[in-house]
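*Asks:* Pasting a structure here, questions to come.
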């Protein structure tokens, strides 16, 4: 299980930037569509908010992945003294 | 029962009652906005804004969720510094005051864009207050609860979010039925907001009589209070890694399950399936009524078998069953298809003629009320726009279905399916307060547990109606496309929780 925890850590580290890249591409695509009159609504503000919120969360996912890869979750604290 | 045990039970019952009432009212305040999103959108934005008005209103609604983590930081820090009691007293007053003021904001037609801006500011205050409230209430109850029964006692606090939603829906439906739909859309929607001040007054009075948490008082007496809870929570790696684990392995998935089952379901039935205003709310009310006791069932069960697998099972069931459930909602309310073979009667069409706002184009609306053989009824409007410029191309006529009411068997089936979604909510949410409380030490508990809880619920969960509606508005999308957001997040949280979370946990909250 500890091997899996470490291996998945790499996945979480990669997932963070991938999510942000995906959101940025979606935002550019949809905002351009609304500018050309293809989309039903203008969503520039909404996409800006979404991206702004998810950047720190994805950074947290990368840190979580890094901790997992470094083996920080191999043994979880069993009392507050361990924290 | 031994007399000491009896006293402990009596004491904790009072603690739970006093804490829960205030928390319930805060949830009520927070949710009336979401339950009235369509009407508020019409009041706050220009009347021809269409889908943008709903999306912008949902954005204001979502803004309240987004700031919840900041409220968690500000008030969590206060709670760890000055105590639980006074902190959540302050959050209650802020929440009640801002809700009352939303009820007084003039509409767009009176003050223009100042209306949505003022509501946005008040909504942000609501979000900050709620960010501080929940962690305090959960911590307060958990620190009073005996060992081995923490899941049971904190599960009562967990019922308050759902009961707050229930209360908000109940007050809205009751007000609308008493004063009528037209008056309600005009000014009656303000009543549920204004009513809040009375509820908050009662709750503040009760909370003033409460004592400080015994665990916090002991820590204070020993001079062991944290001098900088924020620094200890997030700069100390050993604690910060647990904050991240709580967020990605539990609260993130829990948040999307909560808001899909209890918000998106109703929003989908009203806006996509075109169900009647009351019908969609009654369905949710019945589902919540039957499912609410299960918060206590799963909270109690988690004391025996651990918190982890109950919460993760709720997430997994959501991942598997959301799409079939929502597909059924679409199929069962597809009146355009049923109309072809099952039309029983239709009223004589009512024809209205007018001009499209701010143009010289003519608009002709033909409305008819139809009944199908199954007993299903609905309002069908055909809208034709005739351009003023005779050379301009004629737009396609549009058919708009509204106010669908369901036959009894379909109505009951949909209640059962929404009940199932709320049951998943009780699985993920019932044990989570005890899970979070046990994850962090007393000194920094309020701060540490509040942040992952409010990012999970406020950001991931609170954005479900907004992101799902946004995704469904893309060209080429289907009505089910919006579900990929909660399904993806719940699946990710399930994997992280299953691999990294320990089912044992730290049962000692006195340290």
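The values are calculated or read from the model by the stated rules, or taken from the named source; none is laboratory data. Predicted, not measured: the structure shown is a model, and the values here were computed from it. Neighbour counts run over all protein chains shown; Cβ positions are idealised from the backbone, glycine included.
*Asks:* Is region A:70-81 home to any residue that is at the interface with chain B (Cβ under 9 Å from one of its Cβ atoms) and modelled with pLDDT of 90 or more?
*Replies:* Yes, region A:70-81 contains a residue that is at the interface with chain B (Cβ under 9 Å from one of its Cβ atoms) and modelled with pLDDT of 90 or more.
*Asks:* Could you please find all residues in region B:464-479 being touching a residue at least 60 places away in the same chain (Cβ under 8 Å) and facing another protein chain (nearest Cβ under 9 Å)?
*Replies:* B:466, B:470, B:473
*Asks:* Also, quick follow-up: May I ask you to list the residues in region B:226-278 that are closer than 16 Å to residue B:468 by Cβ and touching a strand residue (DSSP E or B) at 6+ places or on another chain (Cβ under 6 Å)?
*Replies:* Correct list: B:269 only.
*Asks:* Additional query: Tell me which residues, restricted to region B:388-398, are within 13 Å of residue B:364 (Cβ to Cβ) and either assigned to a strand (DSSP E or B) or out of contact with any strand residue (DSSP E or B) (no Cβ under 8 Å at 6 or more places or on another chain) (or both).
*Replies:* Matches in region B:388-398: B:398 only.
*Asks:* Could you check region B:480-491 and list, in sequence order, the residues that are within 11 Å of another protein chain (Cβ to nearest Cβ) and more than 15 Å from residue B:320 (Cβ to Cβ)?
*Replies:* B:485
*Asks:* So residue B:432 ticks every box in (1) more than 12 Å from chain A (Cβ to nearest Cβ); (2) farther than 18 Å from residue B:317 by Cβ; (3) modelled with pLDDT of 85 or more but one. Which box is left unticked?
*Replies:* (2)
*Asks:* Also, quick follow-up: So how many residues does region B:409-436 have that are buried (at least 24 other Cβ atoms within 10 Å of the Cβ), part of a helix (DSSP H, G or I) and touching a helix residue (DSSP H, G or I) at 6+ places or on another chain (Cβ under 6 Å)?
*Replies:* Residues of region B:409-436 that are buried (at least 24 other Cβ atoms within 10 Å of the Cβ), as a first pass: B:414, B:418, B:421-422, B:424-436.
Checking which are part of a helix (DSSP H, G or I) leaves us with B:414, B:418, B:421-422, B:424-429, B:432-436.
Of the ones still in play, those that are also touching a helix residue (DSSP H, G or I) at 6+ places or on another chain (Cβ under 6 Å) are B:414, B:418, B:421-422, B:424-429, B:432-434, B:436.
The qualifying residues number 14.
*Asks:* Let me spell it out: the conditions are (1) without any contact (Cβ under 8 Å) to a residue 24 or more places away in the chain; (2) closer than 24 Å to residue B:454 by Cβ, and residue B:222 meets all of them except one. Which number is the exception?
*Replies:* Checking residue B:222 against (1) without any contact (Cβ under 8 Å) to a residue 24 or more places away in the chain; (2) closer than 24 Å to residue B:454 by Cβ, the one that fails is (2).
*Asks:* Still on this structure, please answer the following. Scan region B:214-239 for residues that are crowded, with 19+ Cβ neighbours inside 10 Å and under 28 Å from the mean Cα position of the chain (by Cα) and report the count.
*Replies:* 1
*Asks:* Being more than 29 Å from residue B:58 (Cα to Cα) and facing chain B (nearest Cβ under 7 Å) is the filter here; which residues of region A:45-67 pass it? First the steps, then the outcome.
*Replies:* To start, the set of residues in region A:45-67 that are more than 29 Å from residue B:58 (Cα to Cα) comprises A:62-67.
Within region A:45-67, A:63, A:64, A:67 qualify.
*Asks:* Further question: Which number in (1) facing another protein chain (nearest Cβ under 10 Å); (2) within 26 Å of residue B:67 (Cβ to Cβ) marks the one condition that residue B:461 misses?
*Replies:* With (1) facing another protein chain (nearest Cβ under 10 Å); (2) within 26 Å of residue B:67 (Cβ to Cβ) applied to residue B:461, the lone miss is (1).
*Asks:* Counting only residues that are buried (at least 23 other Cβ atoms within 10 Å of the Cβ) and not in a helix (DSSP H, G or I), how many does region B:279-312 have?
*Replies:* Counting residues in region B:279-312 that are buried (at least 23 other Cβ atoms within 10 Å of the Cβ) and not in a helix (DSSP H, G or I) gives 1.
*Asks:* Given the criterion crowded, with 20+ Cβ neighbours inside 10 Å and assigned by TED's automatic domain parsing to the domain that holds residue B:15, identify the matching residue among B:118, B:128.
*Replies:* Exactly one of B:118, B:128 is crowded, with 20+ Cβ neighbours inside 10 Å and assigned by TED's automatic domain parsing to the domain that holds residue B:15, namely B:128.
*Asks:* Within region B:234-263, can you find the residues that are assigned to a helix (DSSP H, G or I), farther than 20 Å from residue B:464 by Cα and more than 10 Å from chain A (Cβ to nearest Cβ)?
*Replies:* Listed by number, the list holds a single entry, B:234.
*Asks:* Inside region B:176-210, can you point out the residues that are assigned to a helix (DSSP H, G or I) and within 20 Å of the chain's Cα centre (by Cα)?
*Replies:* Scanning region B:176-210 gives B:190, B:191, B:192, B:193, B:194, B:195, B:196, B:199, B:200.
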